[in-house]
Ligand SMILES: NC(=O)c1ccc[n+]([C@@H]2O[C@H](COP(=O)([O-])OP(=O)(O)OC[C@H]3O[C@@H](n4cnc5c(N)ncnc54)[C@H](OP(=O)(O)O)[C@@H]3O)[C@@H](O)[C@H]2O)c1
């Protein structure tokens with residue numbers, strides 16, 4: 001049994017990692033600013049509330065921890081500091097507590113896109129590589145949830161966006177969580193960056209059609225041009241890693257399972 005600290009352990013990925021780690025018999029501490037939402041706490045997990053940006057000590061979270069798994073997120077300019085200042089604080093404390101190993105969740109080819117969010121994630125990767133902890137970085141492709149969020153938001157205005165020229169390789173969070181727990185258990189070589197992708201490459205139009213079929217949405221599938229750095233990155237194929245299609249759950253299977261739930 002390993003004691004794992006899941007940083008961001010109440011988030012979408014963090015919750016799935018915590019659940020799988022408990023299931024495999026590990027002792028799990030989950031760190032976040034807020035307690036888990038009602039009904040979403042995983043039995044057996046010890047939840048600790050700390051802000052990575054302001055915490056003065058991490059004693060409650062770090063005592064006896066063997067490995068930390070970082071699944072935090074910060075989308076806005078202000079919250080993005082969790083990737084820079086937050087990671088620096090976390091890694092400094094982890095080194096002081098003698099935590100031997102770290103696993104960081106990142107994004108495939110994150111250093112090849114000039115989006116501000118990607119630049120701060122790249123800085124976070126650097127902080128981990130430069131830390132004294134034995135670090136493994138798991139770079140994943142886009143989650144099924146991300147794609148679905150785009151369709152759901154568009155459909156509120158009657159449109160299901162199909163971004164022209166964009167193909168993605170979406171992956172299920174449960175697949176990512178399983179790989180993160182394997183990695184926290186020591187799978188793969190130390191100081192390595194792994195890339196993990198979903199089982200198939202799909203165009204946005206194909207994903208839109210699958211989403212409409214699964215949800216019964218009447219939204220109009222509309223070809224749009226995705227603007228900005230992320231549009232250029234996605235159109236270039238930078239988000240694809242077909243040679244590492246390790247995820248098992250296809251987008252269609254994931255949608256069907258959600259509709260049944
Ligand atoms: N979406 C994708 O397609 C995709 C693809 C590849 C990789 N990723 C990566 O996956 C990671 C996790 O994403 P997610 O969707 O699981 O995020 P999420 O659901 O927003 O969860 C983020 C977690 O971080 C915690 N957190 C945020 N700021 C914090 C702070 N200052 N101190 C302590 N805890 C803090 C949050 O809890 P509190 O708010 O309570 O603090 C929450 O537990 C991100 O790093 C993202 O880059 C995402």
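The values are calculated or read from the model by the stated rules, or taken from the named source; none is laboratory data. Bear in mind that the values here come from a model prediction, so they are computed numbers and not experimental data. Don't worry about glycine lacking a Cβ; one is built from the backbone with ideal geometry, like all the others, and counts go over all protein chains shown.
To keep it simple, each residue is scored yes or no on (1) part of a loop (DSSP other than H, G, I, E, B); (2) surrounded by fewer than 17 Cβ atoms within 10 Å (Cβ to Cβ); (3) at pLDDT below 95.
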{"residue": "1", "(1), (2), (3)": "yes, yes, yes"}
{"residue": "6", "(1), (2), (3)": "no, no, no"}
{"residue": "9", "(1), (2), (3)": "yes, no, no"}
{"residue": "14", "(1), (2), (3)": "no, no, no"}
{"residue": "20", "(1), (2), (3)": "no, no, no"}
{"residue": "29", "(1), (2), (3)": "no, no, no"}
{"residue": "34", "(1), (2), (3)": "yes, yes, no"}
{"residue": "37", "(1), (2), (3)": "yes, yes, no"}
{"residue": "40", "(1), (2), (3)": "yes, yes, no"}
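Among residues of segment 111-129 being without any contact (Cβ under 8 Å) to a residue 40 or more places away in the chain and surrounded by fewer than 20 Cβ atoms within 10 Å (Cβ to Cβ), the one that is farthest from residue 57 (Cα to Cα) is 111. Please find, within segment 51-72, the residue that is nearest to the ligand (Cβ to nearest atom) out of those that are within 23 Å of residue 177 (Cα to Cα) and not in a loop (DSSP other than H, G, I, E, B). Filtering segment 51-72 for residues that are within 23 Å of residue 177 (Cα to Cα) and not in a loop (DSSP other than H, G, I, E, B), the one nearest to the ligand (Cβ to nearest atom) comes out as 70.
State all residues of segment 237-261 that are assigned to a loop (DSSP other than H, G, I, E, B) and in contact (Cβ under 8 Å) with a residue 24 or more places away in the chain; if no residue qualifies, say none.
Listed by number, the residues that qualify are 237, 238, 239, 240, 241, 245, 246, 247, 248, 249, 250.
Give segment 21-38 a look and list any residue that's within 14 Å of the ligand (Cβ to nearest atom) and over 13 Å from residue 72 (Cβ atoms), or say none.
Those that are within 14 Å of the ligand (Cβ to nearest atom) and over 13 Å from residue 72 (Cβ atoms): 28, 29, 35, 36, 37, 38.
Residue 98: surrounded by fewer than 23 Cβ atoms within 10 Å (Cβ to Cβ) and farther than 19 Å from residue 195 by Cα, yes or no? For residue 98, the condition - surrounded by fewer than 23 Cβ atoms within 10 Å (Cβ to Cβ) and farther than 19 Å from residue 195 by Cα - is met. Kindly establish whether residue 48 is more than 19 Å from the chain's Cα centre (by Cα), crowded, with 17+ Cβ neighbours inside 10 Å, assigned to a strand (DSSP E or B) and modelled with pLDDT of 95 or more. Considered against the rule, which asks whether it is more than 19 Å from the chain's Cα centre (by Cα), crowded, with 17+ Cβ neighbours inside 10 Å, assigned to a strand (DSSP E or B) and modelled with pLDDT of 95 or more, residue 48 comes out as yes. Counting only residues that are under 26 Å from residue 146 (Cα atoms), surrounded by fewer than 13 Cβ atoms within 10 Å (Cβ to Cβ) and touching a strand residue (DSSP E or B) at 6+ places or on another chain (Cβ under 8 Å), segment 51-75 holds 0 of them.
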